[in-house]
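Each remark here refers to the structure printed beneath this line.
The values are calculated or read from the model by the stated rules, or taken from the named source; none is laboratory data. Source: prediction; values computed, not measured. FYI the Cβ positions are ideal-geometry reconstructions off the backbone, even for glycines, and counts take in every protein chain you see. Protein only, heavy atoms only, side chains kept; ligands, DNA and RNA dropped before computing areas. Shrake-Rupley method; radii C 1.70, N 1.55, O 1.52, S 1.80 Å.
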Amino acid sequence: MSAPADLPHNPGPSWGYDFLSWAERSWPRWLFRPVLMAGTWVGLAFMPVQRAHSRAYLAVVLGRPPRLVELWRHFFAFTDSLMMLLRAGRGVPVSCVLEPENGAAFEALLASDRPAIFGTFHFGSSDLLGYLLGERGRQVSILRQRVGNSADTRLLGARFGRQVSFLWINDPGRLLFDLKAALEAGDSLALKCDRLEFSARSEPFQFLGARRLFPFTIYHLALLFDRPVVFCTAVPDATTETLRVVASPIFNPSAELDREANTQAARQHFQAVLTRLEDSVRQHPFLWFNFLPLNQEVPAHPAA
């Protein structure tokens, strides 16, 4: 079924993702990779808005104006990540290596039958983690924006369709009912928590040298439905199709605390998550895939 005409679209032609997937399967690597690199230069030239946001972000994380080749590296890292998504959608196995940091608690949560809320960010190959939860026997509802030319979502949805379903965030009114139904049915949720455009609740947290607004709805859902929250990020190794996964400590709402105390504990948890994320972003600056303005800064003591 074709997508409605009024849906937003990813940059590039409607057939772009399908062409890339076909070319990678059909062409030898010695030809495909140079063409992909050259195509990234073309994308960099013809996407001035995303290029400007990339430049502004890299200036913050690098502490200096980025060079042109660094802008290209940022765009090409995203292209590489997209290709991994397309390969996974075609059925190419993707293995995960869970880092020891908080790994035992995360594995115990996955082995349990308790529904949970899994958060992540537009960083590295974290996109894939929600789908891979289905391979662990989880029934997962993934919150996504529906766009008109997203072959990765279509392919991954087809591959993991028995365990994974989508909750489209384009219609916030409908989303509330879909969220409630999924949580009451015992599904786990997977969602990204860095873009503000569809967030009902946001709060300021320290990130990349400033207090910035981040979505906070994930914790309100956790308190409302008594669900644990855990964040995961994944750094790809493109040569081995392996993801190195880092899990956060698990936030569990406490029945012994009132709502305000639980909310304060949630704020402390999310700040620790963002502090760890910042370490990863500074270590891998080209894997931050928000080609948007950095999250809005908030004064430390806003005027009344």
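Out of region 69-118, which residues are among the polar types (S, T, N, Q) and open to solvent by less than 50 Å² (accessible area, probe 1.4 Å)? Explain how you work it out, then say what you get.
Narrowing region 69-118 to residues among the polar types (S, T, N, Q): 79, 81, 95, 102, 112.
Residues satisfying the conditions are Thr79, Ser81, Ser112.
The rows are residues; the columns are (1) open to solvent by 40 Å² or more (accessible area, probe 1.4 Å); (2) in contact with an Asp or Glu (Cβ under 8 Å, 6 or more places away or on another chain); (3) farther than 29 Å from Phe75 by Cβ; (4) in a loop (DSSP other than H, G, I, E, B).
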site	(1), (2), (3), (4)
His220	no, no, yes, no
Val246	no, yes, no, no
Gln268	yes, no, yes, no
Ala272	yes, no, yes, no
Phe291	no, no, no, yes
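Can you find a residue that is in contact with a Pro (Cβ under 9 Å, 6 or more places away or on another chain) and surrounded by fewer than 18 Cβ atoms within 10 Å (Cβ to Cβ) anywhere in region 158-173? I'd like the intermediate steps shown before the answer.
In the first step, residues of region 158-173 are kept if they are in contact with a Pro (Cβ under 9 Å, 6 or more places away or on another chain); the result is 170.
Next, only the ones that are surrounded by fewer than 18 Cβ atoms within 10 Å (Cβ to Cβ) stay: 170.
So far as region 158-173 goes, yes, one or more of its residues are in contact with a Pro (Cβ under 9 Å, 6 or more places away or on another chain) and surrounded by fewer than 18 Cβ atoms within 10 Å (Cβ to Cβ).
Matching residues to (1) among the hydroxyl-bearing types (Ser, Thr, Tyr); (2) at positive phi; (3) modelled with pLDDT of 95 or more:
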site	(1), (2), (3)
Pro236	no, no, no
Ala247	no, no, yes
Asn252	no, no, yes
Gln268	no, no, yes
Thr275	yes, no, yes
Ala300	no, no, no
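For beta carbons closer than 8 Å, sequence separation of 6+ or different chains, a first residue in region 132-154 that is surrounded by fewer than 16 Cβ atoms within 10 Å (Cβ to Cβ) and a second that is at pLDDT 85 or above and assigned to a helix (DSSP H, G or I), the qualifying pairs are Arg136/Leu110; Arg154/Gly89.
Within region 64-86, the set of residues being without any contact (Cβ under 8 Å) to a residue 12 or more places away in the chain and among the hydrophobic types (A, V, I, L, M, F, W, C) comprises Leu68, Val69. Of all positions in region 222-230, at least one carries a residue that is over 30 Å from Ala56 (Cβ atoms), in contact with a Leu (Cβ under 6 Å, 6 or more places away or on another chain) and not charged (D, E, K, R).
Within region 205-213, is even one residue in contact with a His (Cβ under 9 Å, 6 or more places away or on another chain), outside any strand (DSSP E or B) and open to solvent by less than 20 Å² (accessible area, probe 1.4 Å)? No: region 205-213 contains no residue that is in contact with a His (Cβ under 9 Å, 6 or more places away or on another chain), outside any strand (DSSP E or B) and open to solvent by less than 20 Å² (accessible area, probe 1.4 Å). Tell me which residues, restricted to region 226-244, are of a type outside the set (D, E, K, R), touching an Asp or Glu at 6+ places or on another chain (Cβ under 8 Å) and either part of a strand (DSSP E or B) or over 20 Å from Gly130 (Cα atoms) (or both). Once the filter is applied, which keeps residues that are of a type outside the set (D, E, K, R), touching an Asp or Glu at 6+ places or on another chain (Cβ under 8 Å) and either part of a strand (DSSP E or B) or over 20 Å from Gly130 (Cα atoms) (or both), region 226-244 yields Pro236, Leu243. Listed conditions (1) under 26 Å from Leu292 (Cα atoms); (2) under 18 Å from the mean Cα position of the chain (by Cα); (3) among the aromatic types (Phe, Trp, Tyr) are all met by Trp72, apart from (2). Candidates in region 274-289 are the residues that are out of contact with any Ser or Thr (no Cβ under 8 Å at 6 or more places or on another chain), closer than 21 Å to Val230 by Cα and not hydrophobic (A, V, I, L, M, F, W, C); of these, the one that is surrounded by the most Cβ atoms within 10 Å (Cβ to Cβ) is Glu278. With respect to the conditions (1) buried (at least 18 other Cβ atoms within 10 Å of the Cβ); (2) touching a Phe, Trp or Tyr at 6+ places or on another chain (Cβ under 7 Å), Ser202 falls short on a single one, namely (1). Looking at region 100-159, the helices (runs of 4 or more DSSP H) lying wholly inside it that each contain 3 or more residues that are farther than 16 Å from Val229 by Cα and touching a Leu at 6+ places or on another chain (Cβ under 8 Å) sit at 127-132, 151-159.
Could you go through region 79-97 and let me know if any residue there is in a helix (DSSP H, G or I), more than 24 Å from Gln296 (Cα to Cα) and over 21 Å from the mean Cα position of the chain (by Cα). The answer is no, given that none of the residues of region 79-97 is in a helix (DSSP H, G or I), more than 24 Å from Gln296 (Cα to Cα) and over 21 Å from the mean Cα position of the chain (by Cα).
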